[in-house]
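The values are calculated or read from the model by the stated rules, or taken from the named source; none is laboratory data. As the structure is a computational prediction, the values presented were derived from the model and not from experiment. Don't worry about glycine lacking a Cβ; one is built from the backbone with ideal geometry, like all the others, and counts go over all protein chains shown.
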Amino acid sequence: MSNQGYIKTNTTNQELPPFDLEGHRGARGLMPENTIPGMLKALQLGVTTLEMDTHISKDRQVLLSHDPYINPEHDLLPDGREIAASDNKKYALYQLEYETIRSFDAGSKYYDKFPQQEKINTYKPLLSELIDTVQTYLQQHGLPQVYYNIETKSKPSGDGKLHPNPTEFVELLMGVIQEKGIVDWVIIQSFDVRTLQVLHEKYPQVKTSLLVENRKGFEKNLEILGFVPNIYSPYYKLVTKKLVTQCHTRGIKLIPWTINELEEMKRLKNMGVDGLISDYPNLYQELEAAK
């Protein structure tokens, strides 16, 4: 994987891949999601971007997790026991200190939605630890720098209960990103336009990606957002040739989620999308070979 052929964006000096291969939550189809082993697996498979989700703990630490709670579907109690289904909302991350969150097992339980997942006793890491580990791995293995596509998991109904308000969320997240010196290599994505609006106002140099699963349409979603993001990232079934044209006319990259079938990847790439997000980044090697 080489940096040659990368193109400049029109908003920062940093380069984006001409076709972005993103590992969804690391490599969720193959390894526990949003974990360090999962992210390293994605790197081994040659992704150009690591996609991940972030939440905030009670002690204001930025950690990786898709769900706002410890999830009984794929997490275990610190002693290895199952979490009762009735306790699916008992362990809210925003109400727990990070040290407590880290003690839960986030990788040993069989997850029937992803039967190929390798089982490993691991935990929900801090974003700071993940960045340190990834940067060290890249250096040790002589790999080119990858992007971090980081989602702010928030929505209005969760403010003060499951996460801080948008401004505090962004400040905590950017504090880690700035401390680690990777601002140029970060994309912040969200379904919650509020966090993207805070970013655009306070950190205009940071790339943004609008996540979309509604059917309001491209123009309406941009109107709601209030500015032109770097990336428009819809559910893949919403992608049409018209949408590709609309994005490219505005200088926006179109990177859909989450595509787990090789033939669908080929179809979307041929349609003109600028990248893919998949739980199975191992399929990217087959996609590249099919050129």
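Rundown of residues vs (1) at pLDDT 95 or above; (2) within 18 Å of TYR110 (Cα to Cα); (3) crowded, with 24+ Cβ neighbours inside 10 Å, yes/no style:
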site	(1), (2), (3)
MET39	yes, no, yes
LEU45	yes, no, no
GLU73	yes, yes, no
LYS89	yes, no, no
Failed criterion for LYS155 (all others in (1) more than 15 Å from SER57 (Cα to Cα); (2) of a type in the set (Lys, Arg); (3) crowded, with 17+ Cβ neighbours inside 10 Å hold): (3)
Count - residues of the stretch 256-291 that are over 19 Å from GLU151 (Cα atoms) and either in a helix (DSSP H, G or I) or without any contact (Cβ under 8 Å) to a residue 60 or more places away in the chain (or both): 22
Verdict on VAL170 being aliphatic (A, V, I, L, M), touching a Leu at 6+ places or on another chain (Cβ under 8 Å) and either at pLDDT 95 or above or in a loop (DSSP other than H, G, I, E, B) (or both): yes
In the stretch 186-197, the residues that are part of a helix (DSSP H, G or I), out of contact with any Gly (no Cβ under 8 Å at 6 or more places or on another chain) and surrounded by fewer than 22 Cβ atoms within 10 Å (Cβ to Cβ): ARG194
Selection from the stretch 98-111 of residues that are surrounded by fewer than 14 Cβ atoms within 10 Å (Cβ to Cβ) and of a type in the set (D, E, K, R): GLU99
Hits in the stretch 41-100 - residues which are part of a helix (DSSP H, G or I) and within 17 Å of LYS153 (Cα to Cα): LEU93, TYR94, GLN95, TYR98
